[in-house]
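Step one of this worksheet: look at the structure below.
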Amino acid sequence: MEPVVPLPLDLSTLDSLTQSAKDYAVLNGLTYLTGGQNDTSDLVSFAPFALLPSPVPRALFDQARAVQKDFNLLVHRVSHDRAFLSRCLSSVVKVDNFTASLFHIYEQVQEEGVTQPICLGLHRSDYLLDTTTNNDGVGTNGVTACRQLQLKQTEINTIAAAGAGFGEKIARVHKHVLNLLGVADAYKHIPENRAMDSQLDGFVAAWEQYGSQKAIIVFVHVVEEERCRNVFGQRLLEFTVMERQPGLVVKRYSLRQIAEDAELKSDKTLFIHGSEVAVVYFRAGYSPANYPTEKEWSARLKIERSRAIKCPCISYHLAGTKKVQQELAQPGVLERFLEDPKAVSRVRATFAGQHTLEMGLEGDRTVQMVMRSPEDYVMKPQREGGGNNIYGEDIRTVLNELKDFEERTAYIVMDLICPAVVQNYFIRPGDWPQLQDSSCELGIYGVFMAEGDQVFHNKQGGHYLRTNGSSGGDGGVYVGNAVLDSPYLV
Ligand code: ADP
Ligand code: MG
């Protein structure tokens, strides 16, 4: 694909544009913490971003938005099918302690009876613009000829889906940059992004549904706050909820604080420091590192057993695991959850091939297939947050070790998506602008609230674009590989 303007830019243009874009980013609050060292944790800079917005075909952008409500409903239905969730995860929980601990909480709460049937989902479905798939859907990885791009989902995030606060801000930076470059009609190509507003709507709706004026919303954050570079993205949501709904208070606590200070009353109402909790929003809790001791697990259980509305509840969290997504991609499975055949086709059209590593014939076939050409696949464990996937020759190494053991079932295999490549400048604090081949990943937010079959709120809620150097590897903006971006619709 072609960049928005011919590249490279001449040096003096690049220099003044970069300076201007950085200043505009800081002025707009596109900020994050630099470093990761304790003694520099109070230093603030701009979040890394792409100097130019990245071209995204309008048709694919519309397709991704159009399927989001189907995904919201799918997550909800899957999460309420105990037999399905249990079957999907039965092998994983034997070999993956983290998923097993989550599942244990799920089972315990199912046995006791769920005290809060209302679920709030703030999801983000992520897509790459794939260059490698034939019309019949058969992967032909390795073919580099430019074909029509297709939208292919990498995953759906049902917990701690970040980035909503910064979408509109990076779009403004990009409009400013394009203005300076004299690109006509730039505004028409950069779509409005109501991601943050949509999430605020979700929080307020859940809080109202809970029905207690004095009750607060709790944001759960990591203990080592200084290591969370994205603190401002979270704070922005937190402060804006309070602005939006005067009288509604949002407080931040770590799982450790909740373990120590929160109390579950006999009617399962959750209280912390004297305040009743209406909604608990997890911005931590998706990674084993968030549970350094049993205390954090006891906090997760306490929250799950409570009357507070969880975002996400444990069953939404489990419905978002890679294993469940792999099972949903098998023939005939979506039909079990979505009665509308058009919804099934919309969802299925975004799926790349996914393959089981369960013990048995089918899993053995996956092993053989992947060992023959590991460069065509990604191996994924049940983890979130980037940097956990295995690619190429490393897959062979890992499978050589695990292929005959149950430990292989901790992973799933997915066809490698080869995203379209376009040049862009990566702007990072303390670094010169780097012109790189890059590929972008489009995230679409979903906001959903329901009680059983009664859906109160089902919305597509804005977007999030981040761009990676195409040199491989993965990871979000805050893991360090990717930069914030916005789509330039073509
Ligand atoms: P995580 O939960 O760690 O974010 P993802 O499934 O989103 O896991 O994978 C992390 C990153 O790996 C994605 O952002 C994307 O860049 C890359 N990735 C994931 N799946 C694929 C795939 N099938 N083909 C190519 N790259 C992928
Ligand atoms: Mg991801």
Requested in this report: Please name which of 29, 367, 115 has its Cα lying farthest along the dipole of the chain towards the positive end, using unit charges on Cβ (Lys, Arg +1; Asp, Glu -1) and the Cα centre as origin.
Outcome: 115
Report summary line: Rounded to one decimal in Å, the inverse mean reciprocal Cα-Cα distance for the chain, i.e. its Kirkwood radius, is 23.3 Å
**Report entry** Given charges at beta-carbon only (K, R positive; D, E negative), |dipole| of the chain in Debye
**Finding:** 760 debye
Query raised in the report: What number comes out for the charge environment of residue 259, summing +1 per Lys or Arg and -1 per Asp or Glu over other residues with Cβ under 14 Å away?
Result: -1
**Report entry** Efficiency of FRET from Cβ geometry, residue 287 and residue 401, R₀ 22 Å, rounded to 0.05
**Finding:** 0.40
Query raised in the report: So what is the relative contact order for the stretch 186-257, in percent, with contacts set as C-alpha pairs under 8 Å and at least six apart?
Result: 40 percent
Report task. Rank 179, 204, 190 by how far each Cα sits towards the positive end of the charge dipole of the stretch 167-239 (+1 on Lys, Arg Cβ; -1 on Asp, Glu Cβ) and give me just the farthest. Result -> 179
Report summary line: Under the helix-only model (-39500 (n - 2.57) for each DSSP H run of 4 or more, divided by the residues of the chain), the mean residue ellipticity at 222 nm, to 500 deg cm²/dmol, is -10500 deg cm²/dmol
Requested in this report: Give the carbon-plus-sulfur fraction of the accessible surface of the chain in %, rounded to a whole number; probe 1.4 Å, heavy atoms of protein chains only.
Outcome: 49 percent
Report summary line: Interchain or sequence-distant (5+) residues whose placed amide H lies within less than 5 Å of the amide H of residue 446 are 123, 124, 125, 461
Requested in this report: Select from 170, 14, 386 the residue farthest towards the positive end of the dipole of the chain; place +1 on Cβ of Lys and Arg, -1 on Cβ of Asp and Glu, and compute about the Cα centre.
Outcome: 170
Report summary line: Computed over the stretch 336-394, the relative contact order (Cα-Cα under 8 Å, seq sep at least six) in percent reads 19 percent
Query raised in the report: Under the classification rounded if a/c is under 1.5, otherwise prolate if a/b is larger than b/c and oblate if not, where does the stretch 344-490 fall, given a ≥ b ≥ c as square roots of the Cα gyration tensor eigenvalues?
Result: oblate
Requested in this report: State, as an integer percentage, the relative contact order of the chain based on alpha-carbon contacts under 8 Å between residues 6 or more apart.
Outcome: 26 percent
Query raised in the report: How much accessible area per residue does the chain have, in Å², with a 1.4 Å probe?
Result: 40 Å²
**Report entry** Cα centre as origin, Lys/Arg/Asp/Glu Cβ charges: the stretch 172-214 dipole, Debye
**Finding:** 140 debye
Query raised in the report: Taking the simple approach of a point 7 Å from Cα along Cα-to-Cβ for both residue 181 and residue 15, what is their distance in nm?
Result: 2.0 nm
Query raised in the report: Quick one: if you stick a label point 7 Å off each Cα along the C-beta vector at residue 111 and residue 453, how many nm between them?
Result: 3.0 nm
Query - residue 490/residue 294 FRET efficiency (R0 35 Å; Cβ-Cβ; nearest 0.05) - result: 0.10
Requested in this report: Please give the peptides 108-120, 46-58, 6-18 ranked by average Cβ packing (other Cβ atoms within 10 Å per residue), highest first, as a rough proxy for protection.
Outcome: 46-58, 108-120, 6-18
**Report entry** Sequence-distant residues sharing a close amide H with residue 47 (under 5 Å, placed H)
**Finding:** 31, 32
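The values are calculated or read from the model by the stated rules, or taken from the named source; none is laboratory data. Since we're looking at a predicted model, the values are computed, not measured. Note that each Cβ is placed from the backbone with ideal geometry, even for glycine, and that neighbours are counted across all protein chains shown. Accessible surface areas use protein heavy atoms only, side chains included; no ligands, DNA or RNA. Shrake-Rupley method; radii C 1.70, N 1.55, O 1.52, S 1.80 Å.
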